[in-house]
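The values are calculated or read from the model by the stated rules, or taken from the named source; none is laboratory data. Please read these numbers as outputs of a predicted model, since none were measured by experiment. Glycine gets a Cβ as well: all are built from the backbone with ideal geometry, and neighbour counts include every protein chain shown.
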Amino acid sequence: MKVKKRKQTGQPYYIADNLLKRNFEATTPLRKLVTDITYLPFGQKPLYLSSMQDLFNGEIIAYSIGDFQDIDSVLDTVSQLGSLPEECTLHSDQGSVYTSYRYQQASKGKDISMSRKGTPADNAPIGSLHSALKSETFYLDSLRSTMTAIVEQTVKDYITYYFRIQTKLNNQSAGAIPTTGWIHAFMIPVLLTGVSLK
């Protein structure tokens with residue numbers, strides 16, 4: 001891994017090369033992981049979702065929901081990964097949390113990869129998943145101002161069932177599911193009644 005060390009306002013940060021180069025296909029599990037943070041402005045307070053996606057099957061294998069877009073939330077996500085293969089590539093954008101020294105230390109032993117600056121397409125899979133999550137839950141049913149607990153449960157259930165639905169549809173994205181189908185007709189009413197999906 002080539003790492004470029006720079007200084008900005010006296011603080012060092014690290015930028016890795018783009019090892020993925022938009023090659024989002026993986027032939028084995030845990031070889032190519034992508035991560036990002038997305039904003040959830042739907043509850044009583046703003047929340048942030050940090051998640052990690054395995055490109056082998058599209059599954060979210062780790063995630064954290066926090067009050068801030070900070071390094072602690074990202075490190076919590078990384079800590080959930082456990083043991084990984086030696087040839088594991090961990091890809092992110094060049095956000096300050098990912099170029100930080102603490103993230104580099106937490107990711108030690110993995111091949112760290114980063115998108116080119118200002119190029120979200122370099123991290124498209126997880127960006128698309130985050131967009132689908134919000135579109136097919138909060139935006140679809142106008143959950144613009146709800147309880148924090150409902151926001152957290154909505155995200156949890158979507159992540160849990162996204163992979164199951166994706167598998168049944170032969171790895172189609174969740175965006176391929178009709179809005180009058182399972183997510184709209186089944187998932188949202190259950191969430192609004194406060195029942196946890198198992």
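Restricting the first residue to the range 82-93 and requiring it to be farther than 18 Å from PRO120 by Cα, which pairs with a second residue that is acidic (Asp, Glu) and outside any loop (DSSP other than H, G, I, E, B) meet a Cβ separation below 8 Å and a spacing of at least six or different chains? Pairs found: GLU87/ASP111; CYS88/ASP111.
Listed by first and then second residue, the pairs with beta-carbon distance under 6 Å, at least 6 apart or on different chains, first residue in the range 51-62 and touching a residue at least 24 places away in the same chain (Cβ under 8 Å), second of a type in the set (Phe, Trp, Tyr) and in a strand (DSSP E or B), are SER51/TYR63.
Under the condition of being out of contact with any helix residue (DSSP H, G or I) (no Cβ under 6 Å at 6 or more places or on another chain), at negative phi and not hydrophobic (A, V, I, L, M, F, W, C), which residue from the range 104-118 is modelled with the lowest pLDDT? For the range 104-118, the residue satisfying everything is LYS108.
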